[in-house]
Structures are given as C-alpha cells and as structure tokens.
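One structure is given here, and the rest of the page talks about it.
The values are calculated or read from the model by the stated rules, or taken from the named source; none is laboratory data. Just so it is clear, the structure is predicted and the values come from calculations on it, not from any experiment. All Cβ positions, glycine included, derive from the backbone under ideal geometry; neighbour counts span all protein chains shown. The accessibility values were calculated without ligands, DNA or RNA, using every heavy atom of the protein model including side chains. Shrake-Rupley method; radii C 1.70, N 1.55, O 1.52, S 1.80 Å.
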Amino acid sequence: MKETQSKTAESQGILVVTPHKAGKTNCWSCGDMRAAQFCQQCGKVQPPAPVDYFAFFGLPYKLNVETPKLEREFYELSRHLHPDINAIKSEREQQWALEQSSHLNDAYRTLKDPIARTEYLLRLQGVQLEEQSKTATEEARRTGKIKKQVVPPGLLEEVFELNMQMEEARMNKKMGEPDRTLERQLQDARKHMEAKHDALMQELGAAWNEWDALVDRAGRGENVLEEDRLAARDKMVDILNRRNYLRNLLRDIDEVLES
Amino acid sequence: MPNQRIVGIDLGTTNSLVAYMEGDRPVVIPGEDGLNLVPSVVALDENGQIVVGNAARKYLIETPERGVYSVKRLMGRDVADIRDELKLFPFRLAEDLAPGEVLRIKLGDKTFTPPEISAFILRQLKRNAERYFAAPVTQAVITVPAYFNDAQRQATKDAGRIAGLEVLRLVNEPTAASLAYGLDQKQSETVAVYDLGGGTFDISILKLHEGIFEVIATNGDTQLGGDDIDNLLIAIALDDIQGDLAIDVRRNSEIVQTVRKAVIEAKIALSANDQTTLDVELPGGKRYQRVISRQQFEQLIQPVIDRTVGPVKQALKDAGLKPKDINEAVLVGGSTRIPRVRVLVEELFERKLHSDLNPDEVVALGAAVQADILAGGSEATKEMLLLDVMPLSLGIESLGGGVVKIIHRNSTIPASANEHFTTGVEGQTNVAIHVVQGERELAKDCRSLARFDLKGIPPMPAGLPRIEVKFLIDANGILHVSARELRSGKVSEIEVQPSYGLTDEQVENMILESFDYAEEDFRQRQVIEARNEAETMLTALEKGRNNPGWQQLSPRERSTIDKQEAGLRAVMKEDDYQAIRSAIDALNQGTMRLAELMMDSAVSSALKGKDMATADVGEGPASPHPIAQAEINSRD
C-alpha cells in the first residue's frame, strides 16, 4: 500500500483533545488564569464557550468512560455552575450559570449512557445516523412509507418468520382467540433476540476498544491512518444500526404480547 | 439587600403554608390565628373585601357564590381542560369566556383569574411572614407539583408576581419534601417520595449523596388527590339526600358545601376509627345520617388510590430500579394519613414507611431549606444542592402531526436542545413552530405549549436557510426559546408567546390592581392596629391615675396629659392611622415621668416586703414604658 493512497487521519485533532479542559481563559472577575467553566481562584462562573461534550469534561474522544468518575466530576461542576448556587449573583452571572449548567447536564446525560455517547461521538465524526435522523423520520411520515430498515443479513430468515407470527398473533387477539402456543413461540423468539442484543453489546465494547486504541496512538503522536479511523467508525455505525433494528423488533414483540 | 429574608411557600390545593429557615431548622410561620395551615380558600365579603383562609371558610357554606376553594386545579388550564372538573367542583366561571382565554372565576359580582385568586392566598402568607419578621418580605420559593406542565408553572409564577413576590425558584413538591427529610440524612441512599395531596399526586425517586439531591425519575397525575375521594363520598350522600328530599340537591350549593364539610370530617375520622357517622344538618330542620365503616370506605376509594400505582411503576422503570433498591419511602400530603394508602405504598415498595415528618408541613419546610440554599446557604445547607428533572418530554410537531421529542422526560434541568429548521417554499420568510409537552406520539394528544413564528428569515430558495432554534428549560422547569438564522449570519432573537396563560401586560395590570387592594388592606390594617394600641394606652392611663405617682405630678403635667388624652380620643374616631400614631406618641411622651414615678413606687413597695413579682408593675403605664410594641412600618 502506497503512502499517498492512505492519508493520515484527517488532522489528528479529530482524535486528540488537549488534556486540560477546553476553553481555559482568564477569569473575568479576578483575572486568575485557571478559569474554564468557573474560576479555580474565586469560584465565579465564566461566560460559556462553545465546546463539545467531551471537551466540556476535559475527556479524550474515547468511548470507554469511567462513569463513577464522570459522576463525581458532574457533581463537582454542578456545585459551581448550578443556577441555585448563583441565584443571588448579578443578572449576567445568572444567565451564564443557566447556560453553563444546561450544557453540563446535556453533556452528562449524553456521556453517561453508552449508546448516546457512541452516537454522539459518531456524529462528531460526521456520521448521519440513518435511524436517528429526524429528516428520515419526517420523510417517512410525509410519504407514508415505512422508514428504510436494513435487516441485518444474519437475521433475514428469522425476522421473516417472526413477522408472520406477530401478524397472526395480532389477528388472533383481534378475534379474541389468543393462541397460547403462538405466544410461547413469540416468548422464545424474544429471548433469542435478547441474547442477540446482548451479544451485539459485547461487540460494541470490542469496537470501542479498537477506537480508543487509535485515540491513544494519536495521543502519543503516532500516525493514525485515515482508513483505520473510518473502519473503526463504520464498524460502530453498523453495530448501532443492527442494535436499533433489534430493539424495534423487541418493542414490537412486547407490544403484541402485552396488548 | 443582604438581610432580605427569602421564604418558602407551599401553595397547596387544600392548605397553604409559609416557612423560613431559622438557624439550622426550617420552621412554619403561623398566621394571626396561631395556626400553621392557611386553608386555600378565598372569598369576597359583602363589602367587596377579599377574605382568605379560615375566615373565608364560612362563606363557602353561607354564601357559596362568594367563595372558591381548590383553585390550584384551574391553574394554567383552559375551559376545554376542566370540563370534567366542572361537574365535580362548584367553580363558577365567567359567562363571557372566549375559547383559549385564561379562565375567570366569579366571586360575588367580580371575576378573577386563577393566578389572581392564588395571589390572594400568597399575599396572606406574605403578610403572615411580614408580621412574624416585622419586616417586608419580597422574595420567595414556591412549590409546585412535580408533574405540573409549563403553563401551570407559568401561572404559579404569575400568581407570585401579582402578590408582590419575586419568585426566585419554583421547586417540585416531592423534591422539596426530600430536602426537609434529607437535612438530617448524612449517608448515601435512594429515596422515593410518595406525595398524595388534596388535588395532585406525585412520585419522585431521588439519589441522596453528600448533600446532592439528584432526582432520577418523577411521575404523577395533576388531577388526583383527596378531592377525588371527597367527591365519591359526596356523590353517595347527595344521591341519598336527593331520594329523601326529592329536590335537585346538586344545584343547591349550600347543601353541597354542607355535605362536603361533613364528608371531609368523616374521611378524617376514618383514619383513626373503624367507623364513623356522616352527619349532615339539612335546611328545613331535616337531618341526614349514614354510618360508614372503614371497610366500606376503603372499598370505595380503592379505584382512586389505585390510580397512583401506574405512575409509581413507571417512575421505578424510568429510574431503572426495583422496589428493593429503594432505601426509604417518604410520605407527603394529607391523603397519606389514610391507612389504606399507607398499606398500598408499603406494598409498592416492599418496606415500612418513613413517616416521622408531618405530611402537611414537610413541603413548606423543604421550600424554606431551598430558599436558604438560594440565599447563599447557611451552616446547615452549605453542602446541599438540588438537581431536579423535567417531568414531561418536550417536543415539536412534525409534518403530519407527529411529535419529535427534543428533550426527554427525567432530563436534569436546566436542559437544552438545538434544532434546525428550514423553509419549504422559495422566498419563505416565516416558519411556524409548535412546541408540545407530553409523552404521546401525536401532537394533538400532547399539551400544546406554544406556537410561534420564526420571522424575518431572509428570502432564499427553499431549504437553504438554516434556522437554529435553541430550547432551554430553566431550573424552574419553564421553557425559553431563542432562534437565529445561520446561513445569513443575522442573529434574530425570538420571543415565545405562550398559547395559554397571561400575557406580560395582563400580569402587569393585575399587579397594579393588586396594589389597590394592597394599599387598602395596608391602610385598614394600620388603622385597626393603631386603634388597638390607643385602647391599651388609655386603659393603662386609667390605672395610672389611681397610682400614688399621679399625685406626685405637677398640675401642669397633669393638665398636659389630660389634653393629650382628649386629643387621642378625638383622632381615634377618624381613619387616619398616622394621626392616631402621633397622638399616641405625644401621650407617650407626656406620661414618661408618670411611668418613672410608678416604677419608683413599685420598687419601694418591693423593699417594704413585697417582691417584684407581686408588685404592680406588669400592667399600666409602669415599667417597661407602655407601648413599645414592634410593628411593621414599611412606609418609613
């Protein structure tokens, strides 16, 4: 493979983040230079800077996140940024506190959830997640078409069978003659899908490790090939799409069984 | 103002309270009658004066068309929302209401919006607090049911403003209760707060950790409470009476209110006894009596209290917890005194309950704790911080009437979301956005929060403008929206005009009107107090005349006092409290030497063998010098 064909990962910056919190400035109040969201010296809340969720917490763009540590950091930042703490400050500071703490809450909510965190990172990496995309949902609603759902290849046969069963179960329910055998079959299918879902989460964990290894290499100043970045990225996109498909399937089965 | 006291207010469906952090303990501030609870009842008396609380209760029975209760059920709602309530509650709406207009309730010959009526209650609480502190109170934390939507919250904030209170924070009731509960709780734990009040039900699940009170999930029903239990019993009693008297008793509000009062007494009695007698005296000397056993009562109310089960299970599910993960279940709200409710909660959480706290007061006490935190914190609260959540999802209507959720329920607030919009037609300069609140899939099934236009978009081909709209939920759970067009670089801030609720202008007008009431109230109160003071002074003077000290005064001194006394008696008949006060001050000056002489004679009689306790110094213009009563005079 020639060097010219595979670029170095589109500016290492996509992978590397400065180790300290992004957007450090001089405190507007006391001039201390260690101010990010709030000033280390005088504690005053600072004007919000447009940073992404990882940068807000001073985290590298890695997917393995220590959630207990994240939680501690969240509480600590809340103690400085929350509007209640700044309730009797100037109007300007109150407004900053409102913006800073909403950003903090949004960031924490996204990063503490494994799926939301992965989707967020992928979006930062320029991916439009088909299933998540609102334009796709709206397009589907407008045209009355079912949203494009790619059936994962390994599931094709099973899903076909399952859809038939669900249709039958719905009909039975409508006629008021529930079929116990069919319901048991659906229960079994559900368990099977659940197991597949769990396996997929394992797979996601492995993909995270792959991604994180690239980030670490970039952090050490090593060259990361663009094709490696794209491969790791697209693997996660694929896993998330399959997961969404499974989740919708599980939801449909639950609906049939519960109704 | 550093010494401004921020009070905590529980503006309840049935009762309201005001509390304050005294040192390291929150305390409830009693009213003039010495009672902590101010019934949330407002009446307009025959003289056109507003009466609040216990004093207003008698109007509900004697002249029901002059009184209103449970007005909280109407906050932030419109005619279409309350059709069902109207069958059960004797709310008399103004006849000329337009659809979508803020409700107006008739009291006598006047009409008031629910925020104005709530403001009367708030003003009473404000007065109670001012009397207690002998200083003005202008800032408050007010509690709302966690499940209140944006319109209901906005209406509560409006009520505060009309009452002359800056509402520094709206706090969710169960969360406030957890603050009062957690004040003494130092270890980390997970707590469920089950709050069944007069008109609303909330369930909140919180994580307590090193002073952080983090709400994980909340759920509820803003139209479920003790009122619904009362209505079941009232319906039975009215059916009985109707059969007996053969008149349409439901249209007779006097009978309905008499029955309601008796039913509430019976309900309360059944929390302690196995049976009670519903006893109602009817007009025309008849009497309706019916024995109700606790068993019958419990059967009757089971469907009502079962309605709390769904929200509890949903909250647990949202929190990702099982009943066994809950360390403590805290009961809040008067309806949790009902034994059957307690049993239900024990079953739901598989544990004994925490009920050391007075369920009527704990919300107000928690509001006082939150007020203390906002004021900068004291020794007791300096580590405490509340992280509350959004009770309902926020979404925007998409093409075809669907809802795209942009902030999900149980998100920690403040929270925000940025959404991008564009145009569908070439040269389009306006885009309409419909914001809804709720969990349903279709916009028509959710609560419409606001419709607003993004105006002044530069004309461009369809789909080219990039309009970024920022939705921000503040710490009160209230939505703020701003928007800008990115493609043209022109930043345009957009004001969200709510499709419900009062406009700023309406609120301003109500504040002005309320000043009229307030000025009148204030003046009348001052006159009454000044007269009372004058009476005390004159009685004391009468006693002083019989004291040996009187004889020791010079004739001139005595005649000055006589003149001052006559002057006071003359101005007392007038309504000018300032004149009365000056006359009191004059007489006070004039009797200074008399008081000293009386003190001397008391001391010398003490030396003659009496002690101070039996010496006649307690009353009369003896020492301490009469009339040194602390009184508010915020006009100075």
Go through segment B:130-151 and count every residue that is crowded, with 21+ Cβ neighbours inside 10 Å and small (Gly, Ala, Ser). 3
Output for segment B:402-457, where each listed residue is within 14 Å of chain A (Cβ to nearest Cβ), modelled with pLDDT under 85, open to solvent by less than 20 Å² (accessible area, probe 1.4 Å) and not in a strand (DSSP E or B): B:ALA443
Does any residue in segment B:465-478 that is away from every other protein chain (no Cβ under 12 Å) come within less than 7 Å, Cβ to Cβ, of a residue that is of a type in the set (D, E, K, R) and assigned to a loop (DSSP other than H, G, I, E, B) six or more places away or on a different chain, and which pairs are these? B:PRO465/B:ARG487; B:ARG466/B:ARG487
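Looking at segment B:256-276, which of the residues that are β-branched (Val, Ile, Thr) and modelled with pLDDT of 90 or more is least open to solvent (accessible area, probe 1.4 Å)?
Keep residues of segment B:256-276 that are β-branched (Val, Ile, Thr), which gives B:256, B:258-259, B:263-264, B:268, B:276.
When the remaining residues are screened for being modelled with pLDDT of 90 or more, the result is B:263-264, B:268, B:276.
Values: B:VAL263: 0, B:ILE264: 44, B:ILE268: 110, B:THR276: 22 Å².
My answer is B:VAL263.
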Somewhere in segment A:74-82, is a residue under 23 Å from B:ILE212 (Cα atoms), at pLDDT 85 or above, surrounded by 21 or more Cβ atoms within 10 Å (Cβ to Cβ) and aromatic (Phe, Trp, Tyr)? yes
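Across segment B:373-401, what is the number of residues that are closer than 16 Å to B:ILE433 by Cα and within 9 Å of chain A (Cβ to nearest Cβ)?
We begin by selecting, within segment B:373-401, every residue closer than 16 Å to B:ILE433 by Cα; these are B:394-401.
Now restrict to residues that are within 9 Å of chain A (Cβ to nearest Cβ): B:398-401.
Final tally of qualifying residues: 4.
Tell me the residue from B:LEU35, B:LEU60, B:LEU122 that is of a type outside the set (S, T, N, Q), in the same structural domain as B:LEU183 (by TED's automatic domain parsing), within 26 Å of B:LEU170 (Cβ to Cβ) and not in a loop (DSSP other than H, G, I, E, B), please.
On the way: B:LEU35 fails: not in a loop (DSSP other than H, G, I, E, B); B:LEU60 fails: within 26 Å of B:LEU170 (Cβ to Cβ).
Step by step, each of B:LEU35, B:LEU60, B:LEU122 is checked, and only B:LEU122 is of a type outside the set (S, T, N, Q), in the same structural domain as B:LEU183 (by TED's automatic domain parsing), within 26 Å of B:LEU170 (Cβ to Cβ) and not in a loop (DSSP other than H, G, I, E, B).
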Inside segment B:8-25, the number of residues satisfying the requirement of being farther than 14 Å from B:ASP360 by Cα and open to solvent by 20 Å² or more (accessible area, probe 1.4 Å) is 5
Subset of segment B:196-226 that is open to solvent by 10 Å² or more (accessible area, probe 1.4 Å) and among the charged types (D, E, K, R) - its residue that is farthest from B:ASN327 (Cα to Cα): B:ASP221
Of the residues B:ASP360, B:ASP318, which is within 20 Å of B:THR222 (Cβ to Cβ), in contact with a helix residue (DSSP H, G or I) (Cβ under 8 Å, 6 or more places away or on another chain) and assigned by TED's automatic domain parsing to the domain that holds B:LYS207? B:ASP360
Mind listing whichever residues of segment B:147-171 are farther than 24 Å from B:ASN128 by Cα and either of a type in the set (A, V, I, L, M) or within 14 Å of another protein chain (Cβ to nearest Cβ) (or both)? B:ALA151
Does B:GLU350 satisfy being in contact (Cβ under 8 Å) with a residue 12 or more places away in the chain, more than 30 Å from B:ASP274 (Cβ to Cβ) and open to solvent by 10 Å² or more (accessible area, probe 1.4 Å)? no
Here the residues within segment B:404-432 that are without any contact (Cβ under 8 Å) to a residue 40 or more places away in the chain, of a type outside the set (Ser, Thr, Tyr) and more than 24 Å from A:ASP84 (Cβ to Cβ) are B:VAL404, B:LYS405, B:GLY424, B:VAL425, B:GLU426, B:GLY427, B:GLN428, B:ASN430, B:VAL431, B:ALA432
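Have a look at A:ARG190, A:ARG184 and point out the one that is open to solvent by 80 Å² or more (accessible area, probe 1.4 Å) and in the same structural domain as A:LEU240 (by TED's automatic domain parsing).
From the options A:ARG190, A:ARG184, the qualifying one is A:ARG184.
Hey, among A:ARG190, A:ARG247, which residue is part of a helix (DSSP H, G or I) and closer than 20 Å to A:LEU129 by Cβ?
Working: A:ARG190 fails: closer than 20 Å to A:LEU129 by Cβ.
Unique residue meeting the criteria: A:ARG247.
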Before we move on, is B:LYS317 under 30 Å from B:ILE268 (Cβ atoms), surrounded by fewer than 24 Cβ atoms within 10 Å (Cβ to Cβ), modelled with pLDDT under 95 and within 14 Å of chain A (Cβ to nearest Cβ)? no
Given the conditions (1) modelled with pLDDT of 85 or more; (2) open to solvent by less than 10 Å² (accessible area, probe 1.4 Å); (3) in contact with a Leu (Cβ under 7 Å, 6 or more places away or on another chain); (4) not basic (Lys, Arg), report the number of the one that B:ILE467 does not fulfil. (1)
